[in-house]
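Some notes on the structure that comes next.
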Amino acid sequence: MIHLTLGRVQLDWGKNGGFQNHSALFRPGDLADIPYFYAADEDDPESADLPLIRRSDNFSYRLITEMKQGYSAPLRTVARRLLLLGYTDDYCRAEFKALIEIGYANHDFGFDDLKALMSAANVGAANFRPDVGGEHFDRFFAEHVLAGPEAKARLQSHTLDDGEISGLSAYTIIRLLANNPTAQELPVTWQFADVADGGWAPSESFEAAIRQPNRFLIVTEGTSDVQIIKHAIELLAPDLADFFDFVDMRENYPFSGTGNLYNFVRGLISIRIQNNVVVIFDNDAEGVFNWERSTRLNHLENMRIVKLPDRSAFEKFRTIGPTGEQRADINGKAAAIECYLDPGPEPMVRWTSYDQKRDCYQGVIEGKEEIARQFLGHKKPELGYDYSGLESILTMLIGECVRISEAEAKATLEAECPDD
C-alpha cells in the first residue's frame with residue numbers, strides 16, 4: 001500500500017503498481033524517516049502491548065508503528081507548491097463542478113460553502129495522535145469540519161470505510177485548507193516505502209524532482225538579473241526554488257542586451273518552444289521599449305512576457321542629470337533590477353542618455369555593482385534589509401507561472417471531463 005496523508009487522515013492511496021505519483025508536492029530535503037502504520041490481530045500475544053484501535057463492536061486491531069523513509073512537509077508549503085502545479089482556487093472550483101456534473105459528489109453543498117467550511121474549521125483540534133489509528137477523509141470531515149447533528153446527512157456518505165473521497169481530490173482538499181490557520185503546520189506525508197521495497201516501482205520514481213512540463217525557464221536581459229532573481233528565490237521562497245530553471249551563464253551568457261532578448265523571444269515563438277517560459281525585461285527606457293514590442297508578438301500560451309513591476313517607491317526618486325538634481329519618477333526610465341534591492345538611505349539615479357524611441361532619458365542607479373554584490377552575499381534573510389522590491393518581483397513572477405500552470409491544468413481537466 002501507498003498513502004498520502006494529512007496527519008493521520010488519508011487523502012489518497014494506491015496499491016502495488018496502481019497509484020498517483022505525488023513527488024512534486026515535496027522538495028528533496030523533505031525526505032525523512034516517517035511513521036508507517038500496520039494492523040495486528042487484537043489477540044496476537046506478540047502485540048499485546050501495542051495500542052488497541054476499536055473501530056466498532058465487531059472490529060478492532062493492534063496498531064503497529066514502524067519508521068521508514070518517506071516525504072513529509074507542512075500543509076502551508078505543500079499548498080504553495082500546488083499553486084505552481086496549477087491547483088488554484090479557480091481550478092479547484094472547476095474540478096468540483098465537473099465532479100458534481102458526472103454525479104460523483106456525495107454532499108449537498110456548493111464550492112463556496114465548502115471553502116468557507118474548510119477555512120473556518122478548527123481542524124487543529126482533530127485527534128492526530130498516532131495511537132488512534134488512521135481515518136478516512138469523509139469521517140474526518142463529518143466530525144471536525146461539518147458541525148451539528150445534520151453533519152452526516154449533509155455529507156450523504158456511503159464511503160466512510162473504504163477510503164474513497166467522493167467529489168474531492170486530495171489536492172483540492174489541501175488547497176481548501178490553505179487559508180485555515182489551524183491547518184498550516186499539519187504534516188502532509190507520502191508513505192511510499194512499501195511499494196518501492198516490494199519492487200512495484202523503481203526507487204528513483206519517488207525522487208522529488210519536478211518534471212520538465214511543470215518547470216519554468218526564466219530568461220532576463222543579462223547575467224545580473226539572473227543572479228539576483230535566482231538568489232531572491234533561494235532566500236525568500238526556498239520552498240519553490242526547484243520549479244525554476246535559468247539560462248546557463250557559466251560560459252557566455254547568450255542573451256545579454258535588450259535587443260538581443262527581443263530577437264530571442266521571436267526565435268522561441270517561431271520554433272513554438274514547449275517549455276514554460278517567463279521573459280523579464282527591465283523597467284527602464286530600453287527595457288520597456290523592447291517589452292512593449294515583444295508583447296505585440298503572437299506569443300505562446302506557455303509563455304509570459306513581462307517587465308519588472310512599477311513601484312510607488314520609484315515615483316519620487318532622487319536623480320541627477322543635465323538639469324541638475326531633482327526628484328523624478330524612474331518607473332519605465334531607470335528602474336533596472338538593482339533598484340529593487342536595498343540601495344541604502346540616499347540612492348541616486350544618474351540620467352545617462354536620451355532615448356529617442358520613447359522620448360525620455362535612460363538612467364542607471366549609482367553604485368549598482370556594489371548594491372548587487374552586497375545582496376548576493378546574503379546567506380539568509382538579514383534583519384533590517386529592505387526586501388520589498390524583490391518581493392514585488394517574486395509576486396509578479398510566481399503569479400505569471402501560476403497562470404500558465406492553471407491554464408494547462410484546466411485544459412487537462414476539460415479533456416478528461418468534457419461538457420456533454
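The values are calculated or read from the model by the stated rules, or taken from the named source; none is laboratory data. Everything numeric in this text was worked out from a predicted model, so none of it was measured. Cβ atoms come from the backbone with ideal geometry, glycine included; neighbour counts cover every protein chain shown. For the accessible areas, the whole protein counts, side chains as well, though only heavy atoms, and no ligand, DNA or RNA atoms are used. Shrake-Rupley method; radii C 1.70, N 1.55, O 1.52, S 1.80 Å.
This model, with +1 at the C-beta of Lys and Arg and -1 at the C-beta of Asp and Glu, gives the chain a dipole about its Cα centre of some 1360 debye. Extending 7 Å from Cα along the Cβ direction at Thr65 and again at Ser203 yields two label points whose distance is 2.6 nm. Solvent exposure of segment 269-326 amounts to 51 Å² per residue of accessible area, where only protein heavy atoms count and the probe is 1.4 Å.
Mean sequence separation of contacting Cα pairs (under 8 Å, at least six apart), scaled by the length of segment 1-93, corresponds to a relative contact order of 26 percent. Could you tell me which of Thr295, Ala335, Thr323 has its Cα farthest along the dipole of segment 281-347 towards the positive end, charges placed at Cβ (Lys, Arg +1; Asp, Glu -1), taken about the Cα centre? Looking along the dipole axis, the top candidate is Thr295. Applying a DSSP loop filter and a limit of 11 other Cβ atoms within 10 Å to the trypsin sites (Lys or Arg not before Pro) in segment 361-420 leaves Lys379. Of the residues Ala193, Asn275, Ala285, the one whose Cα sits farthest toward the positive end of the charge dipole of the chain, with +1 on the Cβ of Lys and Arg and -1 on the Cβ of Asp and Glu, is Ala285. Figure note: Trp190, Trp200 ranked by solvent-accessible area, largest first, 1.4 Å probe, ligands and nucleic acids not counted: Trp200, Trp190. By the rule of a C-alpha distance below 26 Å, with chain neighbours fewer than 8 residues away ignored, the lysines paired with Lys380 are Lys230, Lys368.
Loop-resident trypsin sites (Lys or Arg not before Pro) (DSSP state other than H, G, I, E or B) in segment 286-364 with no more than 11 further Cβ atoms inside 10 Å of their Cβ: Arg296. Across every direction, the projection of the convex hull enclosing the Cα atoms of the chain has a mean area of 26.1 nm². Taking every C-alpha pair closer than 8 Å and separated by at least 6 residues, the mean separation divided by the residue count of the chain gives a relative contact order of 17 percent. Under 5 Å between amide hydrogens, built in the peptide plane, is the criterion, and for Asp355 it picks out Cys360, Tyr361, Gln362 among residues at least 5 positions away or on other chains.
Expressed as a whole percent, the accessible area of the chain that falls on carbon and sulfur atoms is 48 (1.4 Å probe). Solvent-accessible area per residue in segment 6-72 equals 57 Å², computed with a 1.4 angstrom probe and all protein chains kept. Evaluated at q = 0.11, 0.25 Å⁻¹, the base-10 log of the normalised Debye intensity for segment 339-420, with identical point scatterers placed on the Cα atoms, takes the values -0.56, -1.15. Measuring with a 1.4 angstrom probe and ignoring ligands and nucleic acids, Ile371 comes out at about 20 Å² accessible.
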